[in-house]
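*Asks:* Encoded as structure tokens, here's the structure I'll be asking about.
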Amino acid sequence: QVQLVESGGGLVQPGGSLILSCAASGSGFSIGRMGWYRQAVGKQREMVATLSNGGSADYADSVKGRFTISRDNAKNTVDLQMDTLKSDDTAVYYCYAWAYMRSRWSYSDYWGQGTQVTVSS
């Protein structure tokens, strides 16, 4: 199994910044794609940003130019730098990993517990 633990959420004013961090732990795995999703109240979970182990990044249109994803493959960590935050960014943010488990000879999706980000004055 792969365990994902997020940190860094909280309350921030519009226009402010936050950094979310996620660390993966466990044994016998290697991570392909890793990143962040979010779910606002009454809405479906949506992709925010993901990054392959080769450095290919995808961003939601709504966060392009404001959010930056980075990853340390050796440490199995991923960070999300969020700048110029808006009230629409308020949501629970979930760390995500698509990981290969050697014991299963297959890839699976893994999710963190989520961390709340609230953008409000």
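The values are calculated or read from the model by the stated rules, or taken from the named source; none is laboratory data. Just so it is clear, the model here is predicted, and its values are computed rather than measured. Quick reminder, even Gly has a Cβ in these numbers, built from the backbone with ideal geometry, and neighbours come from all protein chains shown. What goes into the accessible areas is simple: the full protein's heavy atoms, side chains included, and nothing from ligands, DNA or RNA. Shrake-Rupley method; radii C 1.70, N 1.55, O 1.52, S 1.80 Å.
*Asks:* Which residue pairs have Cβ atoms under 8 Å apart, sit 6 or more places apart or on different chains, and have a first residue in the range 97-121 that is open to solvent by 50 Å² or more (accessible area, probe 1.4 Å) and a second that is of a type in the set (Val, Ile, Thr) and modelled with pLDDT under 95?
*Replies:* Every condition considered, the pairs that remain are Trp98/Ile31; Tyr100/Ile31.
*Asks:* Within the range 93-120, which residues are at pLDDT 95 or above and either touching a His at 6+ places or on another chain (Cβ under 9 Å) or farther than 21 Å from Gly54 by Cα (or both)?
*Replies:* Tyr93, Tyr94, Gly112, Gln113, Gly114, Thr115, Gln116, Val117, Thr118, Val119, Ser120, listed by residue number.
*Asks:* For the range 9-32, give me the residue count where each residue is at pLDDT below 95 and not small (Gly, Ala, Ser).
*Replies:* Counting residues in the range 9-32 that are at pLDDT below 95 and not small (Gly, Ala, Ser) gives 2.
*Asks:* While we're here: Restricting to the range 77-90, count the residues that are out of contact with any Phe, Trp or Tyr (no Cβ under 6 Å at 6 or more places or on another chain), closer than 18 Å to Leu4 by Cα and open to solvent by less than 40 Å² (accessible area, probe 1.4 Å).
*Replies:* 2
*Asks:* If only one of Arg71, Arg66 is among the basic types (Lys, Arg), crowded, with 16+ Cβ neighbours inside 10 Å and out of contact with any helix residue (DSSP H, G or I) (no Cβ under 6 Å at 6 or more places or on another chain), which one is it? It would help to see each step written out before you state the result.
*Replies:* On the way: Arg66 fails: crowded, with 16+ Cβ neighbours inside 10 Å.
Exactly one of Arg71, Arg66 is among the basic types (Lys, Arg), crowded, with 16+ Cβ neighbours inside 10 Å and out of contact with any helix residue (DSSP H, G or I) (no Cβ under 6 Å at 6 or more places or on another chain), namely Arg71.
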